[in-house]
Structure formats: C-alpha cells, structure tokens
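S.K.: Below is one structure. I have some questions about it.
Laboratory data are not the source of any read-out in this text; all were calculated from the coordinates shown. None of the values given here were measured: they were computed from a predicted structure. For neighbour counting, all protein chains shown are included, and Cβ atoms are generated from backbone atoms with ideal geometry for every residue, glycine included.
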Amino acid sequence: MRAHIPVGTHLRSPHVTVTPAEAATRAAQLLARPATINGLTVPNRIAMAPMTRMFSPGGVPGEDVVSYYSRRAAAGVGLIVTEGTYVGHDSAGQSDRVPRFHGEEQLAGWAKVAEAVHAGGGTIVPQLWHIGMVRKAGDQPFPEAPAVGPSGLRIGEDEPTGRAMTQRDLDDVIGAFAESAAAAERIGFDGVEIHGAHGYLVDQFLWAGTNRRTDAYGGDPVSRAKFAAEIVAAVRETVSPDFPVIFRYSQWKQEAYDARLAETPEELEAVLAPLASAGVDAFHASTRRYWVPEFEDSDLNLAGWTKKLTGKTAITVGSVGLDGDFDKAFQGEGASVRGLDNLLDRMERDEFDLVAVGRALLQDPRWAEKVLGGRFDELAPYDAASLKTLS
Ligand SMILES: Cc1cc2nc3c(=O)[nH]c(=O)nc-3n(C[C@H](O)[C@H](O)[C@H](O)COP(=O)(O)O)c2cc1C
C-alpha cells in the first residue's frame, strides 16, 4: 500500500488500485501546493474560471457579487478569475448587466469584492474584456456604439457587418485595457487577466478567420498577434513590474468550436512568443476538455504545450471534475461527476501549474474545499439550473 506519493514522481498505472485515502492524499499533495505568478503567491493550485453572470445592473457588482466570490475564496479557491468585465471603451460590451472595470461606482463595487476575497484567504484578478464583433442578433450595444473588429467581420461571415478598426480605435482600446489594469492594481486586485479567447475582440485579431487586415495587424501569426502584444505591453508598462499579467486564449471560438489558431506546435509558438516577450506572466489555455491531446504524437494538452513552448506559468481548464462540455450547459444540460486521476497525473508530470474550474464551482461554492480535503463522495453532478442564481 502506498502511504506517501512524492510530488513530481509519476507512479500511476492503470493496474494500480488506490484506496480513497490514498487518492485524497494525492489530490491534497498536488493541489494544495502554492503557485507563483510573477510577484504573486497563490495559496493553492485551484483557480475559479471566469464566468459571465450578468448580475451587475449598471455594470456595478453589488453585495450579492461580493458574497458570491468571497464564499468561494473562503472555501479554498486559491485564485479567482472574475467574470469578463468590460474595459472603458464604448464598443467594449453589449449588456448593462455585465460588470464594467471602469467608472467610480463600478470600481468601488469591485474593491469590495477584492477585499472580501482576501479576507477569505484567496487571491483575485479581473478578466478584462472587449467583445468586438460578437453581438447577439437584435441586441443593442451598451452604450450604443457600432460593432468593431479587425475587419468588421462576425464569425462565419464573408461580408462585414461592423466597422474595421482604425488606428485611433486600436490605440483607444489598448489604452482602455491599460487603464483598467492600472485600476485593478490601485483598488487591491492581485493581477489581471486579458481575455484573448473564444472569438472576442483580441482573439478576432489572432484568428485568420476574422482578421483579413492587410496592414501591420494582419497577415502571418506574428502580425495577427501584434494587437494582443501591444495590449500586453501597454498593461505591463502601466502596472508594477511584479504585478501578474495573465493572458487567456483558446483555439475554439464562439460559434466555431472547431476553429484553430494553430495546427502545429510551431504555429502555436509563433502566436505565443510575441505575447510572452511583451510581458505575459501566465497563460490560461482554454479548452473544453483538459484531457484531450492538442497535437499529434504527444499527450500534452493545450496548457501543456503552452508551458513547454513559452516556459511561462500555465493554467489548464475544461470539464474539471465533470463529464460533459460547458457549452451544453447553455442548453440546460447537466453533467455527471468525473474523477480527477487524469488531471492529477498531468499535474504530477508538471504539464501545467494551475487548474481552473468553471461549472463545478458554479454549482458548489465548496468544491475546492471538498477536493482539497479528499471528500470526493460529497461532489455532486452539475445541474444547469445553477446558471440562474448567484448562490
Ligand atoms: C456561465 C458561463 C460563463 C462563462 N463566461 C466566460 C467569460 O466571461 N470569460 C471566459 O473567458 N470564459 C467564460 N466561460 C468559459 C469558462 O471560463 C470555462 O472555460 C468553461 O466553462 C469550461 O470550464 P468548465 O468545464 O469547468 O465549466 C464561461 C462559462 C460558463 C459556463
């Protein structure tokens, strides 16, 4: 019987049966280790994935949002990445119920969130977001502003329905990201995450499907990464040198789940290297299933490749603790509990550094505490009804 499993040693085999006590020890040993992102020490390896909730009328996070996040921090989440929050540009968002990361009242609300999360022992970064061309049909932007993107194209369109961004637009949006990052540091957040994933503005530049520009911001992967790299550099310049800058990216896009930024590790490196040089401290590699290998001839997932190619801290995500993809949740589908063995095997091999958890933490504010304590029998299946509340 194995009483102690040294971290960093790969002892798993499909033929070894582990007792519940051994599984609990292994989970605690791997997930309870602190992690470092630039000047920040995260108390353990469990992060809360960013999840838009739309419970902030006027863009102001209220007391219910404060307790929603602080409850999870007090119950073991080491790093909270907030829901996407709009940066201060008229074209950044569409909904008046999505929180904003600019404006006096909005930032005062966020300061309370950060304070409460710290009181619970957690750390927190806002996810800074500009939706670009992703707009729901018929919805009006808030405040009313034209949809903008690299080429004014929505995903799947060949003809523009929005405006291609001018140099002035680019400069203004870059400035808005930097201002929100400065505000994050000023009001007590522990870092920032730039939303460069899922087909929103920054990703619209990264992906050839929506970026048809012929200027310096379009063309090969390095040119397509220029806008993102300029945002990272502007943020980096605005905040203290040890203030963590996280960049979230994905291959998949809203309404194009099979889309890919990179078909090979070499192509991925071309996209990520300029971002790493511009000052990214950690990459958050968004996938729907963390156990799926990203490229042929290797078991590494997207976060694993990201860490290998850039040497930066990597956060994985996608169906942690659950069987069934997150996008099904929006059609009301639940998901059953999935064991953590494969995740822990990958952590043991140092494939990535932190693990972000989405739906499982929506459903159960105490998920992290239960996992860190080895109370796996208390984990419940995911019920999509949790989308409707801020409990
Ligand atoms: C309700 C909901 C809202 C989401 N909003 C965001 C968001 O604002 N920003 C983002 O980068 N990802 C967002 N996502 C994706 C999650 O961060 C995460 O990557 C995804 O849910 C997969 O993790 P899971 O399988 O653990 O749920 C959202 C997911 C859900 C379920």
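S.K.: Do the sum for the chain: with -39,500 (n - 2.57) for every DSSP H run of n ≥ 4, divided by all residues, what is the mean residue ellipticity at 222 nm, to the nearest 500 deg cm²/dmol? Don't skip to the end; give the middle numbers.
M.R.: Values: 12 runs with 125 residues, N = 391.
Roughly -9500 deg cm²/dmol at 222 nm, from the helical runs in the chain.
S.K.: Of Lys226/Lys307; Lys226/Lys308; Lys308/Lys388; Lys112/Lys226; Lys136/Lys312; Lys312/Lys370, which pairs sit farther than 32 Å apart, going by alpha carbon to alpha carbon? If you can, show how the numbers build up before the last one.
M.R.: Working: Lys226/Lys307 21 Å; Lys226/Lys308 22 Å; Lys308/Lys388 38 Å; Lys112/Lys226 35 Å; Lys136/Lys312 35 Å; Lys312/Lys370 29 Å.
Long pairs (Cα-Cα over 32 Å): Lys308/Lys388; Lys112/Lys226; Lys136/Lys312.
S.K.: If one computes P(r) from the Cα atoms of region 243-391, what percent of pairs lie at distances over 19 Å? Before the final figure, lay out the partial values.
M.R.: Working: 6082 of 11026 pairs.
Of all Cα-Cα distances in region 243-391, 55 percent exceed 19 Å.
S.K.: Dipole size in debye (nearest 20) for region 20-378 around its Cα centre, Lys and Arg Cβ +1, Asp and Glu Cβ -1? Each step should come with its number before you reach the end.
M.R.: Values: 36 positive and 52 negative charges, 105 e Å.
The calculation lands at about 500 debye.
S.K.: What distance in nm separates the simple spin-label points at Ala273 and Val337, each placed 7 Å from Cα in the Cβ direction?
M.R.: Modelled inter-label distance: 4.6 nm.
S.K.: Given a 10 angstrom Cα cut-off, can you work out which residue in Arg168, Arg26, Arg366 is the most mobile in a GNM of the chain?
M.R.: Of the options given, Arg168 has the highest mean-square fluctuation.
S.K.: Cut-off is 10 Å between beta-carbons; in what order do Ser67, Ser319 appear when sorted fewest neighbours first?
M.R.: Details: Ser67 16, Ser319 23.
Starting with the residue having the fewest Cβ neighbours, the order is Ser67, Ser319.
S.K.: Still on this structure, I have one more. Just going by the charge dipole of the chain, with Lys and Arg at +1 and Asp and Glu at -1 on Cβ, which of Pro34, Phe330, Gly209 is farthest out on the positive end?
M.R.: Pro34
S.K.: State, to one decimal in nm, how far the label point of Arg212 lies from the label point of Thr17, with both points 7 Å from Cα in the Cβ direction.
M.R.: Rounded to a tenth, the inter-label distance reads 6.1 nm.
S.K.: Under a cut-off of 17 Å between alpha-carbon atoms, report the aspartates and glutamates in cross-link reach of Lys328, not counting same-chain residues fewer than 8 places apart.
M.R.: Here the aspartates and glutamates satisfying the reach criterion relative to Lys328 are Glu255, Asp258, Asp383.
S.K.: Can you tell which of Ala114, Ala314, Ala380 shows the greatest fluctuation in a Gaussian network model of the chain with Cα springs below 10 Å?
M.R.: Among Ala114, Ala314, Ala380, the largest GNM mean-square fluctuation belongs to Ala380.
S.K.: Continuing with the same structure: Please report His284, His89, His130 as a ranked list, fewest other C-beta atoms within 10 angstrom at the top and most at the bottom.
M.R.: Values: His284 31, His89 21, His130 25.
With the fewest neighbours first, His284, His89, His130 line up as His89, His130, His284.
S.K.: Please compute the volume of the convex hull spanned by the alpha-carbon atoms of the chain and report it per residue in Å³.
M.R.: Working: hull volume 49.6 nm³, N = 391.
Taking the convex hull of the Cα positions in the chain, it is 127 Å³ per residue.
S.K.: Report the antiparallel proportion of the DSSP beta bridges in the chain as a percent, rounded to a multiple of 5. The partial results should precede the final answer.
M.R.: Details: 7 of 40 bridges.
Among the beta bridges of the chain, antiparallel pairing accounts for roughly 20 percent.
S.K.: If you don't mind, another one. Going by C-beta contacts inside 10 Å, put Asp327, Asp258, Asp345 in order with the fewest on the left. Don't skip to the end; give the middle numbers.
M.R.: On the way: Asp327 12, Asp258 7, Asp345 17.
Exposure proxy ranking, most exposed first: Asp258, Asp327, Asp345.
S.K.: Show the residues, 5+ positions off or on another chain, whose built amide H is closer than 5 Å to the amide H of Arg163.
M.R.: Ala147, Val148, Gly149
S.K.: Subtract the Cα-Cα distance of Asp299 and Arg168 from 0.36 nm times their separation in residues, and report this length gain in nm to one decimal. Walk me through the numbers before you get to the answer.
M.R.: Numbers: separation 131, 0.36 × 131 = 47.16 nm, distance 4.34 nm.
In short, 42.8 nm is gained.
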